[in-house]
Amino acid sequence: MSTKKAPRILLPKAWTRHVRSAMLHIISLAQYATVYTRRWAVDSMNGRVRLKAENDRLLQENASLREEMRIKDVRMAQISPHRQPHYPPTERMAILELRAARGWSLQQTADMFLLTAPTVASWMKRVDEEGPDALVQLREPVNKFPDFVRYAVQRLRTLCPSMGKVKIAQTLCRAGLHLEATTVGRIVKEPPPSMPQDSKPTASTVVTAKEPDHVWHVDLTAVPIGAGLWTSWLPFALPQSWPFCWWVAVVVDHFSRRIVHVGVFRKRPDCRGICTFLGRTIHVANATPKYIICDRDSIFDCDNFQRWVKRKGIRPPRYGAVGKHGSIAVVERAIKTIKDECTRRTLIPTRREAFRRELISFVDWYNEHRPHTTLEGRTPNEVYFGRQPASRKPRVEPRARWPRPSPCARPQTLVGGQPGDRFELQVRHYKGREYLPIVTLRRAA
């Protein structure tokens, strides 16, 4: 019986010099064969074969990652423990979180991250420390605004002290920076950084405005020229006429909250003066309202006024409740805004034309640049003329880690540019009047 010997494979000369190169070639060939075979298994009609291929791929990936970690740990272990770089506070917290998830002991955690058990124990004892110098800290949330946003909000509050948190939020929203009113309120209360609900409109009448110039509100108010109208003698009040005060008539469009026109009188006007003023308002607006809402003052609740309304083709006037504050809330709120943000912040001129210019400047700024809470941050002119609100344009996103598809503060819009863009706050004043700010944001280079 003959026995055949296995053929001998002759090794090349000096093969020992190429063992390492050969090992790399073998691993590469094995990887090629594995990928080729796995490709066939992934396309198999048998579901169990496909799962087996996916399981094999995950096992291989897990083994590769463990080998990568082992190699890095070997390199780090060569450094003296006193010269090894320290983990930052956020990574210390991540290590403690991983320890809790894996159930490691102090020694296991220390061995895994090339530490000592006392070091990990000291982290555990100081995990609840507060402040910027805490040993263990959480990662900065993606919704945290950078300090320059806080600086911009606080700077705007300083430059425009009459603005509340809602008005600041709406003004910045029109400029492209979307913040909630609660966020603005919290920032305003914070100490300065080191670096430089929607309310429903109050129904004042059963008439519902369906379009611009459908319903107008009209009312009168006295504006003192000095600090006030009190005097020390009976009847303890100065005469409510020029040169002690001006009488101002205001007309407001209910649908858009736009101040249609203002009139200035030396003394309290009579019915004829009001009719003349309303006729001039109709001419300026080039529109005639269907309804006029006013209070039951003797100027409006008279036969002459009702005949004038009928002659102009306007429905009989609607009156607010007698002696009830808020019955004509729309125009009363507009008058309060005029007094709070205009007449009480400047020296009232004694010349009629000069005072009228001040009022017209405020009305132009109010209609064009001042956001209105009832209009969801839009300006009266944007609603009146049907323009796209500035708050709906692409916004600035100063948070670098904020996901682009995630919603922002209302109204929600797309991101213009890239997340993490820096900006400069620019505040200019309408016609040089410091109480009429126009806020814009310019992207920093």
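The values are calculated or read from the model by the stated rules, or taken from the named source; none is laboratory data. Keep in mind it's a predicted model, so treat the numbers as computed, not measured. Reconstructed Cβ throughout: ideal geometry from the backbone, glycine too, with neighbour counts over all protein chains shown.
Cβ separations smaller than 7 Å between residues 6+ apart or across chains give the following pairs from segment 337-351 residues that are of a type in the set (A, V, I, L, M, F, W, C) and at pLDDT 85 or above to residues that are surrounded by 15 or more Cβ atoms within 10 Å (Cβ to Cβ) and part of a loop (DSSP other than H, G, I, E, B): 342/435; 348/225.
Considering only segment 131-138, I want to know if a residue exists there that is over 30 Å from residue 78 (Cβ atoms), surrounded by 15 or more Cβ atoms within 10 Å (Cβ to Cβ) and acidic (Asp, Glu). Show your work before the answer.
From segment 131-138, those over 30 Å from residue 78 (Cβ atoms) are 131-134, 138; that's our starting set.
Checking the rest, the ones that are also surrounded by 15 or more Cβ atoms within 10 Å (Cβ to Cβ) come to 134.
Remaining after also requiring acidic (Asp, Glu): none.
Checked segment 131-138: no residue is over 30 Å from residue 78 (Cβ atoms), surrounded by 15 or more Cβ atoms within 10 Å (Cβ to Cβ) and acidic (Asp, Glu).
Within the group 110, 100, 134, 94, which residue is part of a loop (DSSP other than H, G, I, E, B), over 30 Å from residue 427 (Cβ atoms) and among the small types (Gly, Ala, Ser)? Within the list 110, 100, 134, 94, the selection yields 134.
Which residue, of 224, 212, is surrounded by 15 or more Cβ atoms within 10 Å (Cβ to Cβ), modelled with pLDDT of 85 or more and over 37 Å from the mean Cα position of the chain (by Cα)? Don't jump to the end; show me each part of the working.
Working: 212 fails: over 37 Å from the mean Cα position of the chain (by Cα).
Unique residue meeting the criteria: 224.
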